[in-house]
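Following: one structure in structure tokens, then a few remarks.
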Amino acid sequence: MVAEEITALELARTVEAGEPIQVVDVRAAFRLESGRIDLVPDSSFHNIVGSQLAKVEDLEETGIDPETPIAVVCGKGSDSRVLAAHLNRLGCRARSLAGGMGSWMMLSLERELPPTPSLDRLVQFDRIGKGSLGYLLVSDGEAVVIDPPRDASSYLAAAEASGSRIVGVADTHVHADYISGAPDLAEELQVPYYLHPDDAFYPYDGRPGTIVFQPIEHGQEIAFGRAKLKVAHTPGHTDGSVSYLVEDQAAFTGDFIFIDSVGRPDLAGKEEEWTLKLWGSLELTRHEWSPDLAIYPAHYGSDEERQADRSIGAPLGELLRTNGSLQIADRAAFIEWVLSKKASFPDAYRKIKAVNVGLLPVTGDEADELEVGKNECALGGS
């Protein structure tokens, strides 16, 4: 006997609405180190290995409240259906998370952002399992996508709902923590894939990538509808990191500036060289960007970074006051601070970089395994 399922979207909506629910994760404890459903409070999260849970006959020893609905989670959504049925036999109201952690990691929630004079619609896609963000920008029936994941179906649906045609796909940089959907989406739609050429290499040994892309450079403008995306080369997290600016209204900063940190420059073993570049990019920001510019990053680290509507973003002027990374005004002090933050990063990041520049083909299951876990792209944890 198996239990009914709850989708990742249903679970996310339930939690965001403040409705009570417990999560029972039946994976081995070490699996949680690379990712867990952390939207629920700790008191509502239970990690009980499946083989142990199957033997439970008295819920008091587990801490599970039989009166509160339960989502049972495993890796791919099979074992959890059997274990949810077992909990139901004990008097619980349990459902199995369809697709397991794999589905949670791929889920993107749409959040409407304020439009600008040239943008009719601006959508932030919040991949809550990874703390990753992508964007759809719509202007006069044409749209551009920024930093999409492998599954870009929600972006396509949002563009269709807006009555718009996607005319370009852009990455702010070659990502290390997730496999980009930008090259495949651009090929599917037969539109340009925009990327800075300094990122079209495997950074660990300098091998050129094989991806097909439209090179962009600092100061270039990408026109769509009545809007223009202005490219700002902001290296430091990677050599080819860019930010895309829409007038003095919005900046899509990728892994350059986050809400409470900046992108780490040590993911390719070039931390001293890239720290200097990061400093230069921050100086550009402080002296040339409007303080009213809304900063929309590609990642976040916690719910504390959210606005009241649960979107992620804030005016640059506010971040200059609240983001400690942006307040270090002395170059030497900044370099010392950055180097003091050096930390390890997941081994998967090397492989993901190789995938994203076209040097390593992977299956869907392999991609799922590589992407498990929150992003670790910020200094000190964004």
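Excluding the site residues themselves, the longest part of the chain lacking any GluC sites (Glu not before Pro) in a DSSP loop with at most 13 other Cβ atoms within 10 Å is 218-382. Model label points for Leu360 and Arg310, set 7 angstrom from Cα along the Cα-to-Cβ axis, are 3.3 nm apart. Database remark: amide H of Ile166 closer than 5 angstrom to the amide H of Ala143 (H placed geometrically; neighbours at sequence offset of 5 or more, or on other chains; Pro and chain starts carry no H). For segment 5-104, the square roots of the Cα gyration tensor eigenvalues, ordered a ≥ b ≥ c, give a/c below 1.5, which places it in the rounded category. The H on the amide N of Lys228, modeled in the peptide plane, is under 5 Å from the matching H of Glu247, each at least 5 residues off or on a different chain.
What does the C-alpha gyration tensor say about the overall shape of segment 193-241? Classify as rounded when a/c is under 1.5, otherwise prolate if a/b is larger than b/c, or oblate. Because a/c hits 1.5 or more and a/b fails to exceed b/c, segment 193-241 counts as oblate. A convex hull fitted to the Cα coordinates of the chain yields 136 cubic angstrom per residue.
Mark the label point 7 Å from the Cα of Arg321 along Cα→Cβ and return the residues of segment 235-255 whose backbone N is within less than 18 Å of it. Output list for this probe position: empty.
Within the chain, DSSP assigns beta bridges of which about 60% are antiparallel (rounded to the nearest 5). Near Arg121, the amide H atoms lying under 5 Å from its own belong to Val138; only residues 5 or more places off or on other chains count, and H is placed 1.01 Å from N.
Taken together, the values in this text are just the output of simple stated rules run on the coordinates, not laboratory data. As the structure is a prediction and not an experimental result, all values here were calculated from the model. Note that we place each Cβ from the backbone using ideal geometry, even for glycine, and neighbour counts take in every protein chain shown.
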